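Here is the structure we will look at.
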Amino acid sequence: MQVFNLQLPSLIRREEEEKWVPVTKLGRLVKEGKIRSLEQIYLHSLPIKEYQIIDTLVGPGVLKDEVMKISPVQKQTRAGLRTRFKAFVVGGGNGHVGLGVKCSKEVATAIRGAIILAKLSVIPVRRGYWGNKIGLPHTVPCKVTGKCGSVTVRMVPAPRGAGIVAARVPKKVLQFAGIEDVFTSSRGSTKTLGNFVKATFDCLLKTYGFLTPDFWKDTRFTKSPFQEYTDLLGKPTKALILEDVERTEA
Amino acid sequence: MEGASAKGDSMEELKGLRISSLDSDSEEDAAVVEENRKAVDVEEEDDEDEDEDLEPVMLGFLEKPEHPWSLLRQSFPSKAGGAPAWLDPVNLPTGRHCVCDICGKPLRFVLQVYAPITEKESAYHRTLFVFMCPKMSCLLRDQHEQWKHKPEQPSRSVKVFRCQVPLSNPFYSSEHSKNDGTDRPSSPGAVLCDRCGTWKGDKLCGRCKKVHYCSERHQRKDWKSVHKYECRQVDNSLQLSNAGSILTKKLWPEYEIVDEDEGEFGAKVTDDSQNNAMSLVSRGKADDSMDSIIDGFKMDIDKRTFAIFEERRSRAPDQVLRYCRSSTAKPLWPMFSGRLPKADIPSCKHCGGRMIFEFQILSTLLYYFGVDNGRDSLDWATIVVYTCESSCDASVAYKEEFVWVQLY
């Protein structure tokens, strides 16, 4: 339920969440609408530091998230045991995945923080075919492997109808990634969920890093968005702050 | 006999003939002839109806809500996806009504239509809520159930509820709503489940008694993922910000349903569409046996019906809902097979009176809900809702109505 300002019933106040004031250059460009898709950001390898960028570009309701695990971790202090909660959140949709890990004193804060970190770490997943190029890509384009800690996860292309042949943990991540069929193989201490999930994430990250003959063509370089919109970024953002002050006084 | 000497060109002849003449020449078993005859009758009816003045149909389109408060229950919205804006916020459906009778999982909210009846005082505010199980396997099993004639306890995976309240009621003020965001309901509603936000949360966590659930299933899932750690915290600290409600709920994306009269959209140029219909229909097999002609004909009826459906729909391709509440109204069937004959519409289980067609949901909704095109993902041709003609008042606030699903 929303709480409206009872002093001014005629004014409709927007929720605070909608007021995103971007702090980074990329954020400003996204808010203005100069950048339309995530792929433009990926093309220039720009770091994403504000989670609202992902929200605006991908749109609400597309990215689903799920808590993989909440583990209580403890530290011994003079005053006793200090417990904190570590939340692992995986999110994804539409060929993208994100993984967020956050530790906090309360479960809710940990989950919230992990969702934000998951949004910040969203990566594109390359999908390909096992055999005939009929329909949409459904599996990994080639054999890839990812490693974190002692856990290595290997993904092998599978024919249609195979489904995701993986353990419960990587299966969740792969489902969010939008991969329909894959064979996996893992090694190492897979019961450490943190490393297991990070290893599959690393594996998915490598799908676009693998050089295949489609990429042999010379790249036609385009201007980085910062270069392209340099005059727009040069304009000061002071006007925005003044507007806010006026509102609160009235 | 025409049938016996059928070749490619006589197929064209057959098309030109009136459908009823086919019956006299058939050597088929009675069943096939019966079905065709039945089909013939209905088709003839349809043809006649199309020539007469049609009932005015309201079309529903999905849009993003205008304001953040447009979809709250005090605005009496018509919406699709998200959580339902319950009309009667206190006497929500419970128990068996909330779950899919086939798999036992709580149903997901599809859409609600605000359809008051001006003539009836007790239905000053009236809303119809549609829920369904998101699993295709349940929908396939549901088909078997819906074809059963007069089952004692229907076990469906798609359910429709009707709720109506008079002008003066304990939930909303009798004055006209100002529609500017300042409306408030007269009393707070019942607490909803923390996991799904759809159904009534009448079950509590046994330990902390702070978190509400609609069903044991949701309680178990929440415990496993989040509440196990939080429940303990309540003992130590007094605050409990429910972490389960932060996660994105498994709900379909939320939209507002905006309605327009179908008459606003003029009929498109019919020449092209008729050619389309004919080209779909004339692709028949040149075979000697009557069987294949009958089969081909049956298939052609399906295609012809679909062509008619598409032509009507093309006037407003974005339409999601077709609303026409009248005793003579008929739904626009996309397929010939799988229709509900008028004679088979059951009677209202609350008052025993007649039930009439009220509205139908088209498969365009699936696109808006972002349902993917996998093998096992949800799909239907149309979902047709029949409601009590007299919109009876019964003891229960949310009365179940009859729903018919047609699959491709």
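Rounded, prolate or oblate: which one fits chain A, using the alpha carbon gyration tensor with axes a ≥ b ≥ c (rounded when a/c is under 1.5, else prolate when a/b beats b/c, else oblate)?
On the way: a/c = 2.18, a/b = 1.31, b/c = 1.67.
Since a/c reaches 1.5 but b/c is at least a/b, the shape of chain A is classed as oblate.
Given a Förster distance of 25 angstrom, what is the FRET efficiency for A:Gln76 paired with B:Lys210, based on the Cβ-Cβ distance and rounded to 0.05? If you can, show how the numbers build up before the last one.
Numbers: r = 30 Å, r/R0 = 1.20.
E(calc), rounded to 0.05, equals 0.25.
With an 8 Å Cα cut-off and a minimum separation of 6 or more residues, compute the relative contact order for chain A in percent. Display every interim value, and only then the final one.
On the way: 408 pairs, mean separation 33.8, N = 250.
Relative CO of chain A lands at 14 percent.
When the trypsin sites (Lys or Arg not before Pro) in region B:130-215 are filtered for DSSP coil states and for at most 13 other beta-carbon atoms within 10 Å of their beta-carbon, the remaining sites are B:Lys148, B:Lys178, B:Arg207, B:Lys209. Here the 3J(HN,Hα) profile of region A:101-113, calculated from phi with Karplus coefficients 6.51, -1.76 and 1.60 at θ = phi - 60°, is 10, 9, 10, 7, 5, 10, 4, 4, 5, 4, 5, 4, x Hz, Gly and Pro shown as x. Figure legend: label point modelled 7 angstrom from the Cα of B:Val258 along Cα→Cβ; residues of region B:57-76 with amide N under 18 Å from it are B:58-72, B:76.
Qualifying chymotrypsin sites (Phe, Trp or Tyr not before Pro) in region B:79-168, where qualification requires a DSSP coil assignment and no more than 14 other C-beta atoms within 10 Å, comprise B:Trp147. If R0 is taken as 30 Å, the Cβ-Cβ distance between B:Ser168 and B:His97 corresponds to a FRET efficiency of 0.65. Between the beta carbons of A:Val23 and B:Glu119, assuming R0 = 56 Å, the FRET efficiency works out to 0.45 to the nearest 0.05. Coupling constants for region A:66-83 follow from the phi torsions by the Karplus curve (6.51 cos²θ - 1.76 cosθ + 1.60, θ = phi - 60°), and in residue order they are 8, 7, 7, 7, 10, 10, x, 10, 10, 9, 7, 10, 4, 7, x, 9, 10, 9 Hz; glycine and proline get x.
Ordering B:Ser155, B:Ser186 by the number of other Cβ atoms within 10 Å of each residue's own Cβ, fewest first, gives B:Ser186, B:Ser155.
Please compute the net charge surrounding A:Gln76, taking Lys and Arg as +1 and Asp and Glu as -1 over other residues with Cβ under 13 Å from its Cβ.
So the surrounding residues net to +4.
Read-outs: derived from the displayed coordinates by stated rules, not from any lab. Small disclaimer: the values here were computed from a predicted structure and weren't measured. Every residue, glycine among them, receives a Cβ derived from its backbone with ideal geometry; neighbour counts consider all protein chains shown.
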